[in-house]
Every structure is written in structure tokens, then in C-alpha cells.
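Student: A single structure is presented below for examination.
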Amino acid sequence: MGRRSGHATARGLIADPLARLFLCFSIVFGASLLFTLPPMQMPDEMTHFFKADAIAEGSLVAHRFDAGNAGSDLPEPVSNFGWHYEFWDSSPPRSYGFHALTDGVTFPLTGKMVPTGYPNTAISPPFFYLPEAACLVLARWGGLDALAGYYLARLANLLTASILAALAIALTPRGRLFMAMLLGLPMALALSVSCSQDAIQTACAALAAAALARAEASNDRRAMVASGLLLGVVVAAKPAYVPLAFLPLFLRGGMSVRLSATGLALAIVAICGLIFSRPAKVGFLISHHVDAHAQAMLVLHHPLRFAHALLLTLRVAGGLYARQFLGVLGRLNIGLPPGSYRVLAIFLCLGAALSLRPGRRVRNWRSVCLREGGLLACLVATGVLVFVALYLIWTPVGAAGIDGIQGRYFLPVAIMGALLLPHAPREDGRRRGPDSAVLAVFLLFSGVVTQWAIIRHFWQV
């Protein structure tokens with residue numbers, strides 16, 4: 001059984017047309033985007049790079065420097081490299097060119113160790129940074145400078161995220177086309193060529209959804225346990241996703257193995273919180289009157305305050321979050337061409353609609369309603385908890401709205417939504433041709449508008 005399962009997994013990744021199409025496009029397109037997107041020009045990329053380099057230096061656990069800052073000791077040239085490119089994109093943006101990339105300045109990967117802060121990524125477990133850290137170790141051994149090491153780290157992120165995402169597409173029996181489109185959105189593609197952990201985290205969320213769907217379809221205990229492991233590492237990187245850990249409870253199958261998957265996920269989150277997050281947890285924006293404890297007390301005394309803040313935020317900025325979800329690139333300051341967001345939204349609706357084609361006959365509508373209702377409740381709770389987390393740690397006490405929300409935070413949640421789509425047996429190959437054609441057109445459009453936006457902004461075309 002184990003040999004057959006392993007053979008089927010490898011064969012699925014190679015032979016599945018959607019997975020193969022996505023993998024080829026992601027790597028080819030990503031390789032070109034690696035060089036058109038300048039260094040440190042995706043959200044929080046500098047602090048993600050510092051986190052990866054700290055792991056490469058052997059510092060798996062960050063520590064507090066003071067009440068508002070945490071990080072590790074890094075080589076001073078690496079710290080200078082990060083800050084140099086952090087401010088590289090001036091306003092208005094200067095013309096980008098390979099000749100101007102280094103500005104005649106080089107930064108080695110070794111040097112005197114100095115305290116370097118990366119407070120927003122310090123609490124993250126090291127899992128999703130390991131490919132980048134491995135490349136930075138190799139770059140040091142090879143005597144490369146920080147810029148070369150940085151690009152190797154980006155390449156490792158791209159390859160890892162692309163392979164994991166393609167594997168998820170090949171394995172899942174639910175919403176394969178819809179999942180592939182979400183993973184191919186401009187925001188997801190741009191994150192995969194940055195040093196952000198979000199790309200691999202999103203791909204692992206897709207792999208967790210695929211494992212859950214396979215476990216439910218074939219009553220595979222090992223797939224259910226694997227989904228618990230994947231959910232654990234995904235949630236540990238962003239604890240606001242903790243409702244996702246309860247998704248196995250609402251699937252069909254033995255209750256004991258579903259409880260084991262949820263328990264495993266929660267145990268990983270708790271252990272990672274104690275080992276990695278607790279020593280590095282600091283308050284953000286303290287000087288701007290942000291206080292999580294005071295905010296929580298305020299909500300407890302006025303329970304409707306958060307609901308009002310949530311509704312106001314969605315009314316004022318809901319459209320912005322939707323555009324960011326699809327692709328507002330760079331430092332959230334690079335929009336896609338006019339009309340692109342509408343076309344991308346139409347493609348996603350088409351992908352979901354094509355994934356709604358009938359699968360197996362439904363025999364028990366009561367169990368179906370309980371399943372879908374439970375899954376939907378977990379997804380909605382995750383979305384709300386993201387707003388709660390940012391309301392507590394990023395929003396000034398008593399503010400009318402919620403600060404710090406970014407559309408990309410909801411990509412893993414949307415991918416889990418594939419579990420709500422019907423089961424489509426792999427033996428049914430009638431839709432493979434049309435699905436592949438739709439995905440090919442979507443990926444081509446997504447890649448073109450992404451490159452257009454990046455080149456137009458940085459290259460002054």
C-alpha cells in the first residue's frame with residue numbers, strides 16, 4: 001500500500017496536466033520576475049530576509065532587545081544590505097536597471113555580528129525559511145556577497161513554493177482548477193519570488209487541503225495525520241489561523257483519526273508558540289498607543305465595539321483588501337492594469353463554477369449540510385480572527401477602524417475553501433482538456449499583468 005501510494009503521488013505530479021502546467025508556468029515566469037522585481041520590494045521582505053539569515057547563522061529562536069524590538073545578532077554587512085535596499089524604491093520611483101542595482105556598493109555575507117531587529121517575523125517558526133537559509137549557507141561557503149545570496153534565497157523560495165503548490169494541485173480531488181487559479185494569482189506569484197515565508201505557507205495550506213480531501217475520499221488515516229501536521233505548521237506561522245486546525249473534525253471518516261489530526265495541529269501550534277514565539281514576542285507601535293491588553297479590556301467592557309470597527313473597516317477598505325488579495329504588488333503601492341481585477345475575479349468565478357460539476361451522488365443531505373456548515377464556520381472564524389488579531393496588536397486603543405490588514409492574509413483561507421467544492425474522481429478525465437485550457441489562459445493573463453505592473457513601475461517604461 002505504501003509503495004503504491006508513493007508511486008501514485010510521484011506519477012500524479014508528473015502526469016497530471018493541471019499540476020504540470022502550473023509548475024512549468026510558475027518556474028518559467030518566476031525566473032523572469034526574479035530579475036524584474038528589485039530587492040526588498042515586497043511587503044516585509046527585509047525582515048523575512050533577516051529571519052532567514054538568522055536561521056542560516058544558527059539562530060533558530062529570536063530574542064527580545066527591548067519592549068518593542070526583537071531579532072538576532074547578524075553580520076553587520078547583511079544588516080546594512082537589508083536597510084540599503086529597504087529604501088531603494090524612492091518616491092517617485094527611480095528608473096530601474098541592472099547597471100544601477102548595486103550602485104557600486106557590495107555587501108559581504110560575513111562580518112562583525114550586531115543586533116538586528118526583525119520584530120514582525122521574529123516570532124515565526126523556522127520551517128518556511130529553511131530553503132532560503134540553506135541557500136544563504138551555501139552562498140557563505142562559496143564566498144558570494146549578500147546580493148547573490150539574496151537572489152539564491154529568492155530562487156529557493158520560488159522552487160519550493162512551486163513544487164509544493166503543484167503537488168497539492170495533483171493530489172486534491174476537490175476544486176483543483178479553483179485551487180490552481182488561487183495559487184496563480186499575481187499576489188501569490190509575486191510572493192513566491194520574494195523572501196517572504198507567505199509563499200511556502202500558502203503552498204503548504206494548499207497541500208493540507210489536498211491531504212484533507214484525499215483522506216476523506218479514501219478514508220486514508222495517514223493522509224489525515226499528514227494534514228494535521230501541515231495544518232500545524234501553517235497555523236504556527238500565523239496563529240490567527242487557528243480555526244483551520246478544526247477543519248478535520250467536520251470531514252467524513254473515523255472520529256478518532258480526525259481528533260488526532262486536530263490534536264496534532266494544535267499541539268504543533270502550542271509547542272511552536274512556547275519555543276519560538278514567546279521569547280521574541282514584543283509590542284508593536286507602542287508609541288502610537290497600541291496596547292493589546294488595553295484594547296482587549298476595552299472590547300470586554302464594550303462588546304459591540306469590535307463589531308462596529310469590523311463593519312466600518314470592511315465598508316471603507318473592503319474593496320482595497322479584495323484588490324490586494326488578487327494582486328497589489330510591491331510595497332502595496334503597485335496596482336495592476338485597469339480592468340485586470342475584474343478579469344481575475346471573473347476567472348476565479350469560472351474556476352469555481354467548473355469545479356462545481358457533479359461528483360459522487362449525495363445520499364445524506366443532513367450530513368452534507370453539517371459538513372459544509374462546519375467547514376464554512378471554520379473559514380469565516382479564521383477571517384474574523386485575522387481582524388481580531390490586527391485590532392489587538394496593530395490598532396491604537398479605541399480606534400474606530402482596524403489597521404494593518406492586508407489582502408494576502410486571506411489567500412490560505414480561500415484555498416481551504418476548495419474543501420467546499422464537490423469531489424471529482426480522478427478517473428473522470430472528461431474535463432481535463434477544458435480545465436487545462438482555462439488554466440493556461442488564466443496563468444498567461446496573470447503573468448502578463450504582473451510583469452506589466454512591475455516593469456512599468458520600476459523600469460519607467
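Student: Taking the stated definitions as given, is V235 open to solvent by less than 10 Å² (accessible area, probe 1.4 Å), within 24 Å of A122 (Cβ to Cβ) and modelled with pLDDT of 95 or more? Talk me through it step by step, then tell me what you get.
Tutor: Working: open to solvent by less than 10 Å² (accessible area, probe 1.4 Å): yes; within 24 Å of A122 (Cβ to Cβ): yes; modelled with pLDDT of 95 or more: yes.
Considered against the rule, which asks whether it is open to solvent by less than 10 Å² (accessible area, probe 1.4 Å), within 24 Å of A122 (Cβ to Cβ) and modelled with pLDDT of 95 or more, V235 comes out as yes.
Student: What about R64, is it charged (D, E, K, R), open to solvent by 40 Å² or more (accessible area, probe 1.4 Å) and either assigned to a helix (DSSP H, G or I) or modelled with pLDDT of 95 or more (or both)? Let's see the steps before the verdict.
Tutor: Numbers: charged (D, E, K, R): yes; open to solvent by 40 Å² or more (accessible area, probe 1.4 Å): yes; either assigned to a helix (DSSP H, G or I) or modelled with pLDDT of 95 or more (or both): no.
When the stated conditions are applied, R64 does not pass them.
Student: Quick test for you: out of L320, L310, L326, L344, pick the one residue that is in contact with a helix residue (DSSP H, G or I) (Cβ under 7 Å, 6 or more places away or on another chain), assigned to a helix (DSSP H, G or I) and closer than 10 Å to G407 by Cα. It would help to see each step written out before you state the result.
Tutor: Working: L320 fails: in contact with a helix residue (DSSP H, G or I) (Cβ under 7 Å, 6 or more places away or on another chain); L310 fails: closer than 10 Å to G407 by Cα; L344 fails: closer than 10 Å to G407 by Cα.
Testing whether each residue is in contact with a helix residue (DSSP H, G or I) (Cβ under 7 Å, 6 or more places away or on another chain), assigned to a helix (DSSP H, G or I) and closer than 10 Å to G407 by Cα leaves just L326.
Student: Identify, from the list P186, P131, the residue that is closer than 19 Å to Y118 by Cβ and either touching a residue at least 12 places away in the same chain (Cβ under 8 Å) or surrounded by fewer than 24 Cβ atoms within 10 Å (Cβ to Cβ) (or both).
Tutor: Details: P186 fails: closer than 19 Å to Y118 by Cβ.
Of P186, P131, the one residue that is closer than 19 Å to Y118 by Cβ and either touching a residue at least 12 places away in the same chain (Cβ under 8 Å) or surrounded by fewer than 24 Cβ atoms within 10 Å (Cβ to Cβ) (or both) is P131.
Student: Another one. If you check I454, I402, which single one turns out to be open to solvent by less than 40 Å² (accessible area, probe 1.4 Å) and either modelled with pLDDT under 90 or assigned to a helix (DSSP H, G or I) (or both)? Steps first, answer last, please.
Tutor: Details: I402 fails: either modelled with pLDDT under 90 or assigned to a helix (DSSP H, G or I) (or both).
Checking each option against the conditions leaves just I454.
Student: So is V282 within 24 Å of the chain's Cα centre (by Cα) and not in a helix (DSSP H, G or I) or not? Give the steps one after another, and end with the answer.
Tutor: Working: within 24 Å of the chain's Cα centre (by Cα): yes; not in a helix (DSSP H, G or I): yes.
Judged against the criteria, V282 is a match.
Student: Going through the range 162-182 one residue at a time, which ones are aliphatic (A, V, I, L, M) and open to solvent by 10 Å² or more (accessible area, probe 1.4 Å)?
Tutor: In the first step, residues of the range 162-182 are kept if they are aliphatic (A, V, I, L, M); the result is 163-171, 177, 179-182.
Within the range 162-182, I163, L164, L167, L171 qualify.
Student: Sort out which residues of the range 252-279 are of a type in the set (K, R) and part of a helix (DSSP H, G or I), and write them in order of number. Break it down stepwise before answering.
Tutor: Taking the range 252-279 as the starting set, the residues that turn out to be of a type in the set (K, R) are 252, 258, 278.
Within the range 252-279, R258, R278 meet the criteria.
Student: From F22, F50, grab the single residue that is modelled with pLDDT of 95 or more and either under 15 Å from G82 (Cβ atoms) or not in a helix (DSSP H, G or I) (or both). Don't jump to the end; show me each part of the working.
Tutor: Values: F22 fails: either under 15 Å from G82 (Cβ atoms) or not in a helix (DSSP H, G or I) (or both).
Selected residue: F50, the only one of F22, F50 that is modelled with pLDDT of 95 or more and either under 15 Å from G82 (Cβ atoms) or not in a helix (DSSP H, G or I) (or both).
Student: Now, a different point. Could you tell me which residue of the range 142-160 is farthest from the chain's Cα centre (by Cα), considering only residues that are buried (at least 24 other Cβ atoms within 10 Å of the Cβ) and of a type in the set (G, A, S)? Outline the logic, then answer.
Tutor: To start, the set of residues in the range 142-160 that are buried (at least 24 other Cβ atoms within 10 Å of the Cβ) comprises 146, 149-150, 153-154, 157-158.
Narrowing further to those that are of a type in the set (G, A, S): 146, 149, 153.
On the way: A146: 25, G149: 22, A153: 17 Å.
Among them, the one singled out is A146.
Student: Condition first: out of contact with any helix residue (DSSP H, G or I) (no Cβ under 9 Å at 6 or more places or on another chain) and free of Cβ contacts under 8 Å to residues at least 60 places away in the same chain. Can you find one or more residues in the range 236-254 that meet it? Talk me through it step by step, then tell me what you get.
Tutor: From the range 236-254, those out of contact with any helix residue (DSSP H, G or I) (no Cβ under 9 Å at 6 or more places or on another chain) are none; that's our starting set.
Scanning the range 236-254, I find no residue that is out of contact with any helix residue (DSSP H, G or I) (no Cβ under 9 Å at 6 or more places or on another chain) and free of Cβ contacts under 8 Å to residues at least 60 places away in the same chain, so the answer is no.
The values are calculated or read from the model by the stated rules, or taken from the named source; none is laboratory data. No experiment lies behind these values; they were computed from the predicted model shown. With ideal geometry, Cβ positions are generated from the backbone for all residues, glycine too; neighbour counts draw on all protein chains shown. SASA here: full protein model, heavy atoms, side chains in, ligands and nucleic acids out. Shrake-Rupley method; radii C 1.70, N 1.55, O 1.52, S 1.80 Å.
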